[in-house]
Amino acid sequence: SLLSGKFSIDFKGAWAEGEPAPYALLTQAFSMIESTTKRIEKTSYLTSLLYTVLNRSRGKDKTHEPDTQTLLQTVYLCINRLSPDYIGIELGIGESLLLKAISESTGRSIPSIKADLKKEGDLGLVAMNSKASQRTLFKPKILTVPSVFARLGEIARASGAQSQAKKTKIITALLAACQTTIGGSTSSEAKYIIRSLEGKLRIGLAERTVLVSLAQAIVLDEQERLGKQWSKEKLSAKLEEATSILKQVYSEVPSYDEVIPALMKYGILELPKHCKLTPGIPLKPMLAKPTKAIGEVLDRFEGKKFTCEYKYDGERAQVHFLENGTVSVFSRNSEDMSKKYPDLVDQLPRCFKEGVKSFVFDAEAVAIDKTTGKLMPFQELSRRKRKDVKVEDITVRVCLFAFDLLYLNGEPLLHKTLEDRRKLLREYFVPVPFEFDFAKASDGETTEEIQLFLEESVKDGCEGLMVKMLQTDASFYEPSRRSVNWLKLKKDYLAGIGDSLDLVVVGGYYGKGKRTAVYGAFLLACYDADNEEWQTICKIGTGFSDEALQEHAKTLKELEIGSVRGDIKVGGAKPDVWFEPKVVWEVLTADLSLSPVYTAAQGMVDPRGISLRFPRFIRIRDDKNADDATGPEQIAEMYERQALAQSKGKKKGGDA
Ligand code: ATP
């Protein structure tokens, strides 16, 4: 069975009947998950953990109501979050505060802790070792999942004048309550508490693994409760069904706060009926695949009905309108942007007809010229303040271009064709000059038509086109997917420049000459989601104005950390300072090359890594998180394409 194999968790610590799960159970699971790189083993450990938490809460005779709250908190702790993304209660406590708390709870001096940190590169490990070598006079009360979750919440929410002191106090108490040993082995509670507080657990768990494990745990729990022993075939069919339902539901309602209680109440098969796309809860946006040439579009869409839309150069905006009149605007990362766009919130009621009670549409917010309505480039939009914007102070005017309707009057539309969704959008909404419009579209079929429309889009100030399937289930809205049913055709690709990359700033090099007060160059990295690590890719230092360098220095100074984090695969790069991976930059490059220094995509096309030659900074991407950065697969693919193009070019040259 899935649970009796060697990848299950055999908890060695104390856990009294009727008590919520001990935090040590989680940290034991974390250690095991961290110890392997194999996805299947990680999944088994996590399934075992979630099953144990759930099943045990039903009591010995399995008749108790399950402890939904503890299960929910266990899931949150596993992904190191405290709330759904859009609520945005975040951890990410600075190093100096953590050093202080470790020092206070273990009695060690800060310099000696710092010295260990330099050696180990992991403050969690340092905290754990400091605890292990400490003699405790009394046995602390066991930390449980609910107690740790509650403390982490208090820390994240602490604000105001005394907040630093308050945080230090809670962290110190948490660390003091960690056990030194559990069942004869060193306890890793302190290690994971510190890592949680730092904002990154580093056990290599992807969100999809959590969904798979949760589905498995539910099925296994059901089997046990029913006293059944399903055949291997039946069990695997049930696991597959549960996983697919849960993934589907979560992509529509990415909130465990909603999904887990409903799951416990109605069971997996009934879940889709009770948990549907809901205005107010942003769903993960559908994403597009890049294409190099119009020919590629036709290869994919030949003989099918498709539409080309302008690809506007602005910021993605998912607009929600609730029956009670509330308007919310969410970013690509599900951040609430209503405070950044109070003008959009004000304008919105003018753009829909009577009879519309609730909706969710997908749109691009674009800066426009106040007098002519002409589209302005993204740079214009980025001049707007991000927070506490007052309508009367706004100088950069924004127009919304809607391209999809996902929900209307109580009904999710994701499983309607794009043709039908678009019909509803055009039927119920009305363009308002300078405020709201539909994305300009043309349902062309030939290369020539696409080419003409592409040129027109560029002339009008767009980045190119989005080409989308219009009919059949291939045109359904696929939340969170980078789908082949949406292709992006940017003018840059056609000019042979290739797609830009979104990279994380992980290190800084001090400037020279008159730039010594700022960083003069930066170390960038891509993000490998499978291994949960950032891989270095290039140093970027030219093309920044003095003013830009000042700005970057201001933001990055606050992210400086004493030593490199363990989840940055450094290679041979040697920046002067390291940063917490947080800031994402969009970068263009003319050329990719193999490199013995950098680690991006190492082992994918060559034992060496891949590096960018002559990288050029385009813009800050504050609508992307550090783990939304470009992945190594995409970099390897770009490298291979370039190699292919070069060999073709050479051949052509030879023939001539
Ligand atoms: P990705 O979102 O694919 O990771 P990205 O954020 O860098 O990459 P692009 O590669 O520029 O974005 O392309 C997708 C984005 O284009 C969408 O997220 C959306 O903000 C924007 N966009 C503009 N016009 C449209 C349109 N008509 N349909 C869909 N998206 C559009």
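The values are calculated or read from the model by the stated rules, or taken from the named source; none is laboratory data. Here the structure is a predicted model, which means the values were calculated and not measured. Every residue, glycine as well, gets a Cβ built from its backbone with ideal geometry; the counts of neighbours run over all protein chains shown.
List of remarks:
- Entry remark, segment 347-379: residues being more than 16 Å from the ligand (Cβ to nearest atom) and within 21 Å of residue 406 (Cα to Cα) number 13 in total.
- In the set 249, 210, only one residue is in contact (Cβ under 8 Å) with a residue 24 or more places away in the chain, among the β-branched types (Val, Ile, Thr) and more than 23 Å from residue 360 (Cβ to Cβ); that residue is 210.
- Members of segment 416-434 that are part of a loop (DSSP other than H, G, I, E, B) and over 30 Å from the mean Cα position of the chain (by Cα): 430, 431, 433, 434
- Residue ID - nearest to residue 51 (Cα to Cα), chosen from residues in segment 172-210 that are in contact with a Ser or Thr (Cβ under 7 Å, 6 or more places away or on another chain) and in a helix (DSSP H, G or I): 209
- Scanning segment 32-54 for residues that are polar (S, T, N, Q) and buried (at least 18 other Cβ atoms within 10 Å of the Cβ) gives 43, 44, 47, 48, 52.
- So residue 362, is it in contact (Cβ under 8 Å) with a residue 12 or more places away in the chain and within 23 Å of residue 88 (Cα to Cα): yes
- Residues satisfying the stated conditions in segment 607-642, i.e. free of Cβ contacts under 8 Å to residues at least 24 places away in the same chain and surrounded by fewer than 14 Cβ atoms within 10 Å (Cβ to Cβ): 607
- In segment 271-300, the residues that are away from the ligand (no atom under 16 Å from the Cβ), in a loop (DSSP other than H, G, I, E, B) and surrounded by 20 or more Cβ atoms within 10 Å (Cβ to Cβ): 275, 277, 279, 281
- Screening segment 389-412 for residues that are more than 16 Å from the ligand (Cβ to nearest atom), among the charged types (D, E, K, R) and assigned to a strand (DSSP E or B) and picking the one that is nearest to residue 277 (Cα to Cα) gives 411.
- Some residue of segment 616-633 being over 30 Å from residue 285 (Cα atoms) and either among the aliphatic types (A, V, I, L, M) or out of contact with any Phe, Trp or Tyr (no Cβ under 7 Å at 6 or more places or on another chain) (or both): no
- All of (1) touching a Lys or Arg at 6+ places or on another chain (Cβ under 9 Å); (2) among the aliphatic types (A, V, I, L, M); (3) within 24 Å of residue 479 (Cα to Cα); (4) in contact (Cβ under 8 Å) with a residue 24 or more places away in the chain hold for residue 425 with one exception: (1).
- Candidate set from segment 301-323 (those that are outside any strand (DSSP E or B) and surrounded by 24 or more Cβ atoms within 10 Å (Cβ to Cβ)); member that is farthest from the ligand (Cβ to nearest atom): 314
- For segment 586-606, taking the residues that are in contact with a helix residue (DSSP H, G or I) (Cβ under 9 Å, 6 or more places away or on another chain) and outside any loop (DSSP other than H, G, I, E, B), the one that is surrounded by the fewest Cβ atoms within 10 Å (Cβ to Cβ) is identified as 591.
- Failed condition for residue 452, given (1) in a helix (DSSP H, G or I); (2) among the aliphatic types (A, V, I, L, M); (3) farther than 23 Å from residue 302 by Cα: (3)
- Residue list for segment 355-379, filter: over 17 Å from residue 458 (Cα atoms) and surrounded by fewer than 20 Cβ atoms within 10 Å (Cβ to Cβ): 355, 356, 357, 358, 370, 371, 372
- Scanning segment 476-508 for residues that are modelled with pLDDT of 95 or more and either away from the ligand (no atom under 13 Å from the Cβ) or aromatic (Phe, Trp, Tyr) (or both) returns 476, 477, 486, 504, 505, 506, 507, 508.
- Selection from segment 219-239 of residues that are in contact with a helix residue (DSSP H, G or I) (Cβ under 9 Å, 6 or more places away or on another chain), in a helix (DSSP H, G or I) and either surrounded by 14 or more Cβ atoms within 10 Å (Cβ to Cβ) or at pLDDT 95 or above (or both): 219, 220, 221, 222, 223, 224, 235, 238, 239
- Any hit, segment 607-623, residues being assigned to a helix (DSSP H, G or I), more than 30 Å from residue 201 (Cβ to Cβ) and charged (D, E, K, R): no
- Screening residue 582 on (1) surrounded by fewer than 19 Cβ atoms within 10 Å (Cβ to Cβ); (2) more than 13 Å from residue 626 (Cβ to Cβ) shows it passes everything except condition (2).
- Filter result for residue 439 (among the small types (Gly, Ala, Ser), surrounded by 15 or more Cβ atoms within 10 Å (Cβ to Cβ), in contact (Cβ under 8 Å) with a residue 40 or more places away in the chain and away from the ligand (no atom under 14 Å from the Cβ)): no
- Candidates 255, 334, 328, 244, filtered to the one that is within 16 Å of the ligand (Cβ to nearest atom), hydroxyl-bearing (Ser, Thr, Tyr) and within 23 Å of the chain's Cα centre (by Cα): 334
- When residue 230 is tested against (1) over 19 Å from residue 78 (Cα atoms); (2) within 27 Å of the chain's Cα centre (by Cα); (3) of a type in the set (Phe, Trp, Tyr), just one condition goes unmet, and that condition is (2).
- Restricted to segment 443-470, and to residues there that are closer than 25 Å to residue 407 by Cβ and modelled with pLDDT of 95 or more, the residue that is nearest to the ligand (Cβ to nearest atom) is 466.
Yes or no, residue by residue, for (1) farther than 14 Å from residue 218 by Cα; (2) under 31 Å from the mean Cα position of the chain (by Cα); (3) at pLDDT below 95; (4) part of a helix (DSSP H, G or I):
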| position | (1), (2), (3), (4) |
| --- | --- |
| 13 | yes, no, yes, no |
| 19 | yes, no, yes, no |
| 29 | yes, yes, no, yes |
| 32 | yes, yes, yes, yes |
| 37 | yes, yes, yes, no |
| 40 | yes, yes, yes, yes |
| 46 | no, yes, no, yes |
| 63 | yes, no, yes, no |
| 85 | yes, yes, yes, no |
